[in-house]
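One structure below.
The values are calculated or read from the model by the stated rules, or taken from the named source; none is laboratory data. The structure displayed is predicted, hence computed values, not measured ones. FYI the Cβ positions are ideal-geometry reconstructions off the backbone, even for glycines, and counts take in every protein chain you see. Accessible surface areas use protein heavy atoms only, side chains included; no ligands, DNA or RNA. Shrake-Rupley method; radii C 1.70, N 1.55, O 1.52, S 1.80 Å.
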Amino acid sequence: AICAFLHDGAVSETVLDASVRKMGETYRARQAKIARSLKDISAILTAKQREIFAQRLMHEVCMSCRAKTSGQKCICGMCGSGS
């Protein structure tokens, strides 16, 4: 529906709005599932493993964020590359 709307306006604003809402809900549900899975993984680790897991996870999040925003500096400081 979104592609059709952008390409030739073949769908109504109402259909577009419904499609955008559905995409948002799908994304929200997926992110919640990922967060629950990461929490479950963390729960079975030792304290040291949990520390390493959190550091590596945050590093990947920060690297992805910086790549997408063309940033050269870590803003949150969680990944340890904030200079």
Inset, instruction - Give me a count of the residues in region 1-50 that are exposed (fewer than 10 other Cβ atoms within 10 Å of the Cβ), assigned to a helix (DSSP H, G or I) and more than 17 Å from the chain's Cα centre (by Cα). - result: 8
Legend entry - Given (1) at pLDDT 75 or above; (2) over 18 Å from the mean Cα position of the chain (by Cα); (3) surrounded by 11 or more Cβ atoms within 10 Å (Cβ to Cβ), number of the condition residue 53 does not satisfy: (2)
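Can you confirm whether residue 63 is open to solvent by 90 Å² or more (accessible area, probe 1.4 Å) and in a helix (DSSP H, G or I)? Write out each step before concluding.
Numbers: open to solvent by 90 Å² or more (accessible area, probe 1.4 Å): no; in a helix (DSSP H, G or I): yes.
When the stated conditions are applied, residue 63 does not pass them.
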Legend entry - Single residue of 74, 62 found to be out of contact with any Gly (no Cβ under 7 Å at 6 or more places or on another chain) and at pLDDT below 85: 62
